[in-house]
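Below is one structure, written out as structure tokens, with a few remarks after it.
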Amino acid sequence: MPKVQRLLEELSNAHGPSGFEEPVRAIMRREFAPLADDLETDGVGSLIARFKGASDAPRVMMAAHMDEVGHMVKYITPDGFIKFQALGGVHDQSIINQRWVILTQKGLVRGVTGLKTVHVIPFEERNQPFKRQDMFIDVGAASKKDAEERLGIFPGDPISPDSTFVTLNDGGLYLGKAWDDRVGLAVMIGVARLLRDTGHPNTVFAVSTVQEEVGLRGAQTSSFQVGPDIGINLESGVASDYPGTSQNDAQERLGDGPGIFLHDSSMLPNRKFRDMVMSVAKENGIPVQFNVLAGYGQDGSAMQRNRCGVPAINISVPTRYLHSHNGVISRADFDRAVTLVAAVVKKLDAATVKELKSFA
Ligand code: CO
């Protein structure tokens, strides 16, 4: 389906670091406007699309975050180089020697995190990692004044990876930035389209959250606004199927189906809900895989802790090389995640959710 691939491409290429989600919100608004019964935002910019099914209750909340990891302009040196503050968790070595886009009041400005040439690095320092505090972005400005007046760069401007979507040699894999969590947003759109066609015994809130990468902030505020009975978070998973990784790090593999998180540092899923998702996957012939991570945090935990507590689960599309300019996902995993989540939502009627929320 070229339409779906185009949407994934558009979402991946969109520039939207935490707190600067406007371009992504515009895409989500455009996609949901013809499908949803209404659209509203919370007080920090999360977009809430409501889909009324056969009943007002239960209230099913799906969430995926619009922001990507990036940076913010901290200050400009007198000779016109940009120093920056990270927005979200990034490994220092993923920052150096990359192309960036600064979103200024005058439009997009391109730059590069310059890498000191090997010719001038002392021999004993050549194997040392580069430190973030020593890095800068070269935008080709002659001075601070030139950067400000000609290019329109000012402190607080967002900085996004400059990386363009490509298919990875037609093997069914997609290479691009920001799969975390643009792939989750694309799953949510796919699920909403299916539900619109088939109907559902509940009311669904598809929430595109802001500021996940800096502390699950939009998920907290939008969960309060929605007041869900049950929550499904849609995320990019953590694949560990490439050289140098092991099952000890993470357990997802590209092509083996959607992931179900059993543990991350922010949340344990509701066990009955987890079992229900697994049985729906089985009924539909969809392979699923598990992930038990020591770190990681995700919006599902904000849904889970809303008000008096909400059964929640995190379903993922396995992703290689998260939080860098270049991530890889499998189209087949994406398609199966859409089918699985839609099938789960169709089963969430009042009696089922009541049972999931009951504790013996
Ligand atoms: Co994420």
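The single condition among (1) among the β-branched types (V, I, T); (2) within 18 Å of the chain's Cα centre (by Cα); (3) part of a strand (DSSP E or B) that V73 does not meet is (2). Cβ separations smaller than 6 Å between residues 6+ apart or across chains give the following pairs from the range 296-307 residues that are within 8 Å of the ligand (Cβ to nearest atom) to residues that are of a type in the set (A, V, I, L, M, F, W, C): D299/A63; D299/L216; D299/A219. Taking the criterion of being open to solvent by 50 Å² or more (accessible area, probe 1.4 Å) and closer than 28 Å to P161 by Cβ, the only residue of the range 44-58 that qualifies is V44.
If you go through the range 245-265, how many residues are open to solvent by 20 Å² or more (accessible area, probe 1.4 Å) and in contact with a helix residue (DSSP H, G or I) (Cβ under 7 Å, 6 or more places away or on another chain)? Explain how you work it out, then say what you get.
So the first thing to find is which residues in the range 245-265 are open to solvent by 20 Å² or more (accessible area, probe 1.4 Å), and the list is 245-249, 251, 253-256, 262-263, 265.
Those left that are additionally in contact with a helix residue (DSSP H, G or I) (Cβ under 7 Å, 6 or more places away or on another chain): 254-255.
The number of residues fulfilling the criteria is 2.
Of the numbered criteria (1) in a helix (DSSP H, G or I); (2) away from the ligand (no atom under 16 Å from the Cβ), the one S12 fails is (2). Only strands (runs of 3 or more DSSP E) whose full extent lies in the range 102-216 are considered here, and the ones with at least 1 residues that are open to solvent by less than 70 Å² (accessible area, probe 1.4 Å) and within 16 Å of the ligand (Cβ to nearest atom) are 158-161, 173-176, 203-209.
The values are calculated or read from the model by the stated rules, or taken from the named source; none is laboratory data. Keep in mind that this is a model prediction, so the values were computed, not measured. Note: ideal-geometry Cβ built from the backbone for every residue, glycine included; neighbour counts use all protein chains shown. The area values use the complete protein model at the heavy-atom level, side chains included, leaving out ligands, DNA and RNA. Shrake-Rupley method; radii C 1.70, N 1.55, O 1.52, S 1.80 Å.
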